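These notes concern the structure reproduced below.
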């Protein structure tokens, strides 16, 4: 039986803007969220459809097909137990927009611009609203959100919550936004996976990350190019992408992982054991590449089979495959 | 022959008194209407709020009613009057606005409105995100309300010069020069009372204002009346009575 204050009363949330074809860079976040139900959280997957429209110049029609695709992938294919809520289902309610216009009129422009990624000093009008909406969502999506899952780049945006709390001192008698100024969820920041060269995903291209739509040929070529220094976890600034793909894209999805090395099968149930063998030299990168291909090819095949007809019609799959001269 | 627009938009933010500076706008709307144009007189109540709280949230409703009632008293058909809060909170408008704002640079938007934004004019007022969105809504309103001609004061012309080319289809525009104040060079709602003449002023008040400011008199005799009459000598009564009648749509 649940008791008040037990973890089952807690709500967690992750928001994603459905924009581009999905890649394995999301695996770290997906794995983290799959574990939330075991930790007792009732999880919300926020499909930030209006945010997607604002940030990429996509039309509403474009977004419609993408959000269905994202929802299906994360809930049905990745198995994240959650309530999937479309941003447009509550962000266009009068109560939400009224709160938003109020916040817009109070928040200093400089505070919002500071929440933008460094290096991008000329935000669009949409972007400044985007950031405020992302914070306001927390107050409107559920009666109370206790835990936000996000990637570290979002820290700048969530700092706006502090600026919102400043408003309280001058507008305390405002009858709107019940509870918004009391928002104090916890945050768990989870890095995206890196690309095949071991660089941050923000520096990747479709040629340097593994798409869930990759053909076996493209997948094999990408794995062959992976940054995989022997017996090392990284080379300079680049992390060992081969190890990371095992950690996030193989082990969490397979109860038993077999790696054939020097003519012998090595069985693992835990990534850490595999990593120890790799770093000791018992597993050579080339052997690990071959097994990685087998596991990912099998997983991608399942994913591609799982997509219902129509869900991926908006994707030009031929453009996702690696060019022959790459 | 020049085609008259199908739908004309003029927006006014209910921040202070309904003043005489609106006389040429109102008269021109009547001319458009007489040629078959559909008129939208937008009471942009949320603009006043977003623009550095020129209108406090708690006052929006009251000020909107004052503006609407004044225009109705002056003979404006009720069907012309729309408030921004009738549609700003609808899903269709909000979604469209967000889609539209993706094409607008925040800095460029702000610069386009430097002559109208309170925060741009006053060094002690912080620029807020509301400034940006106020201008973005002003541009998007043209598209949402599906008008093919927008009318505004010259002080707002830069907003439309920046924003209208980003909308499709193309929209015509009419920019009217600012009305002189009774004391200063321009008359604005947020001015002190002695610089303002109410739009519903009686002929005697108009005549008195002419006596206070020759610039004000010359503007209305040499610009407003000829604009609305088509010729500077077309009125057979005194200028104050002619203006009084034109504002009310009386012959």
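None of the figures in this text is laboratory data; all of them are computed from the coordinates on show. Quantities reported herein were computed from a predicted structural model and do not represent experimental measurements. Ideal geometry is used to build each Cβ from the backbone, glycine not excepted, and the neighbour counts take in all protein chains shown.
Could you work out the equivalent-ellipsoid semi-axes for chain A, taking the square root of 5 times each eigenvalue of the Cα gyration tensor, largest first, in whole Å?
38, 22, 19
Once a ≥ b ≥ c are taken as the square roots of the eigenvalues of the Cα gyration tensor of the range A:194-241, is the result rounded (a/c under 1.5), prolate (a/b larger than b/c) or oblate (a/b not larger than b/c)?
Judged from the Cα gyration tensor, the range A:194-241 comes out oblate (a/c at least 1.5, b/c at or above a/b).
Can you pull the mean other chain C-beta count within 10 Å for peptide B:106-115?
Taking all residues of B:106-115 together, the mean is 3.
Seen from all sides and averaged, what is the projected area of the convex hull of the Cα atoms in the protein assembly as shown, in nm²?
Average projection, Cα convex hull of the protein assembly as shown: 33.4 nm².
Using alpha-carbon pairs under 8 Å, 6+ residues apart, how would you state the relative contact order of chain A in percent?
Averaging sequence separation for qualifying contacts and normalising by length gives 18 percent for chain A.
Give me the tail of P(r) for the range B:7-179 as a percent: Cα-Cα pairs with distance above 28 Å.
16
How far is it, in nm, from the label point at residue B:192 to the one at residue B:204 when both lie 7 Å from their Cα along the line to the Cβ?
Roughly 2.6 nm, to one decimal.
Starting from the Kirkwood Rh over alpha-carbon pairs, what translational D in µm² s⁻¹ does the range A:222-263 have by Stokes-Einstein at 25 °C and 0.890 mPa s?
214
Once you order the gyration tensor axes a ≥ b ≥ c over the Cα atoms, which shape class does the range B:38-132 get: rounded for a/c under 1.5, otherwise prolate or oblate by comparing a/b with b/c?
It is oblate, given that a/c is not under 1.5 and a/b is not larger than b/c.
What ranking, highest mean first, results for peptides B:139-147, A:43-51 when packing means the other Cβ atoms within 10 Å averaged over each residue?
Highest to lowest by the protection proxy: A:43-51, B:139-147.
If you average the sequence gap of Cα pairs under 8 Å that are 6 or more apart and divide by the length of the range B:123-251, what percent do you get for the contact order?
15
Whole Å is fine, so just give me how far the alpha carbon centre of the range B:48-112 lies from that of the range B:1-27.
Centre-to-centre (Cα) distance: 15 Å.
Running a GNM on chain A with Cα contacts under 10 Å, which residue among A:217, A:77, A:311 ends up with the highest mean-square fluctuation?
Judging by the Gaussian network model, the answer is A:217.
Report the full-extension gain for the segment residue A:313 to residue A:217: residue separation times 0.36 nm, less the Cα-Cα distance, to one decimal in nm.
32.4 nm
On a 0 to 90 degree scale, rounded to 10, what angle separates helix A:125-140 from the longest Cα axis of chain A?
Helix A:125-140 sits at roughly 80 degrees to that axis.
Mind checking the mean number of beta-carbon atoms from other chains within 10 Å of the Cβ atoms in A:53-60?
Taking all residues of A:53-60 together, the mean is 3.
Report, in deg cm²/dmol and to the nearest 500, the calculated mean residue ellipticity at 222 nm for chain A, where each DSSP H run with n ≥ 4 adds -39500 (n - 2.57) and the sum is divided by the residue count.
The helix contribution divided over chain A gives -11500 deg cm²/dmol.
If you wrap a convex hull around the alpha carbons of the range B:84-124, what volume per residue comes out, as a whole number of Å³?
93
If I build a Gaussian network model for chain A, linking alpha-carbon pairs within less than 10 angstrom, which residue out of A:264, A:165, A:231 has the largest mean-square fluctuation?
A:264
For chain B, what's the relative contact order in percent, using C-alpha pairs closer than 8 Å and at least 6 residues apart?
Answer for chain B is 25 percent.
Can you tell me the 0 to 90 degree angle between the C-alpha axis of helix B:91-101 and the longest principal axis of chain B, rounded to 10?
80
How many angstrom lie between the Cα centre of the range A:124-165 and the Cα centre of the range B:172-186?
42
Using just the helices of chain B, give the 222 nm mean residue ellipticity in deg cm²/dmol: DSSP H runs with n ≥ 4 each add -39,500 (n - 2.57), and the total is spread over all residues, rounded to 500.
Result for chain B: -12000 deg cm²/dmol, rounded to the nearest 500.
Helix A:160-170 sits at what angle to the longest principal axis of chain A, using alpha carbons and giving 0 to 90 degrees rounded to 10?
Compared with the principal axis, the helix lies near 10 degrees.
So for the pair residue A:90, residue A:258, with labels modelled 7 Å out along Cα→Cβ, what separation do we get in nm?
Computed distance between label sites residue A:90 and residue A:258 equals 4.7 nm.
Per-residue Cβ counts within 10 Å, from other chains only, averaged over A:99-110: what number is that?
Shielding by partners across A:99-110 averages 6.
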